[in-house]
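The values are calculated or read from the model by the stated rules, or taken from the named source; none is laboratory data. Remember, predicted model here, so these are calculated numbers, not experimental data. Here the Cβ positions follow ideal geometry from the backbone for every residue, glycine too, while neighbour counts run over all protein chains shown. When the accessible area is computed, the model is the full protein with side chains, heavy atoms only, and any ligands, DNA or RNA have been set aside. Shrake-Rupley method; radii C 1.70, N 1.55, O 1.52, S 1.80 Å.
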Amino acid sequence: MSPTKTVPVVENILKANDHLARANRELLDHTHTVAVNFMASPGAGKTSVILRTIEALKDRYRIAGIDGDIATTIDADRMAAAGVHAVQINTGGACHLDAVMVQNALAQVDLERTDLLIIENVGNLICPASFPLGAHLNILIASVPEGDDKPYKYPTMYRGVQAVILNKTDILPHFDFDIDYFRRGVEALNPGLAFFPLSAKTGEGLDAWIQWLTGQVDDFLDHRTPWF
Ligand SMILES: Nc1nc2c(ncn2[C@@H]2O[C@H](COP(=O)(O)OP(=O)(O)OP(=O)(O)O)[C@@H](O)[C@H]2O)c(=O)[nH]1
Ligand SMILES: [Mg+2]
Ligand SMILES: [Zn+2]
């Protein structure tokens, strides 16, 4: 009798996703497009921060958007209204984007004419961390009403990102949110991580975020590997 080796299905799914994420990244690098994946819990302000970011950068970069949503086109419509080509991914109930969905969406974007591709993930603080999409930058948006203990309770999300935005700082006076406690939690998981407290509503704190993002995007665009 030959010994049987069992490989958990989940492991295979994640491996397949990683493989496709790498293919997405190669395609993006080939077309000199920098992709930024925004992740957050539902309602933390992904779309609001994205719209502010588009407004600030639309004269500097050619921007397109991919929007993941369980059922509606509301957020993609908001991006389109901000003047960027936006592709909607309806996940049909799935609670995260995966690399296949993004691969399909990329086929609907004119990548040769896109410098910055903004991806809004499905509102969820758990599984998006396990499904890389091939983006150059992964950004986590936390928000004040969620509470200052989220880095402690959802550590995986905080480990794999290049920056954390703390949104809705305009309502800090109404919440017992200890920013130092929040930051200590983030630091323990991802030391030195870029951190941007801001309000998408009032615009306070946005400049530092936009300046950092611009630096990152320019870096990728400048150091792009010549393909030919
Ligand atoms: N006070 C305040 N409200 C905000 C801020 N940013 C967003 N909001 C509000 O928070 C709610 C959710 O904002 P969205 O930008 O739609 O959040 P989202 O993360 O894209 O939500 P989903 O895509 O549904 O997961 C809306 O009512 C916004 O007006 C902020 O900085 N301050
Ligand atoms: Mg949204
Ligand atoms: Zn999920």
Give me the one-decimal nm value for the distance between modelled label points at ALA107 and ALA208, 7 Å along each residue's Cα-to-Cβ direction.
4.3
Among ASN167, ASN24, VAL34, whose Cα projects farthest towards the positive end of the dipole of the chain, with charges put on the beta-carbon of Lys, Arg (+1) and Asp, Glu (-1)?
ASN24
Computing the accessible area with a 1.4 Å probe over protein heavy atoms, can you report the carbon and sulfur percentage for the stretch 151-206?
50
Run the simple label-point estimate for ASP77 and TYR152 please: 7 Å along Cα→C-beta, distance reported in nm.
4.1
Using a 1.4 Å probe and ignoring any ligands, DNA or RNA, find the accessible area of VAL7 and quote it in Å² to the nearest 10.
60
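Direction-averaged shadow area of the convex hull around the Cα atoms of the chain, nm²?
For the chain, averaging the hull's shadow over all directions gives 15.3 nm².
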Listed by chain and number, the residues whose amide H is under 5 Å from that of ASP148, excluding neighbours fewer than 5 places away on the same chain and using placed H, are ASP178
Probe 1.4 Å, protein heavy atoms only - accessible area per residue of the stretch 9-222 in square angstrom:
45
Charge dipole of the stretch 9-222 about the Cα centre (unit charges at C-beta), most positive-ward option of ASN12, ALA129, THR91
ASN12
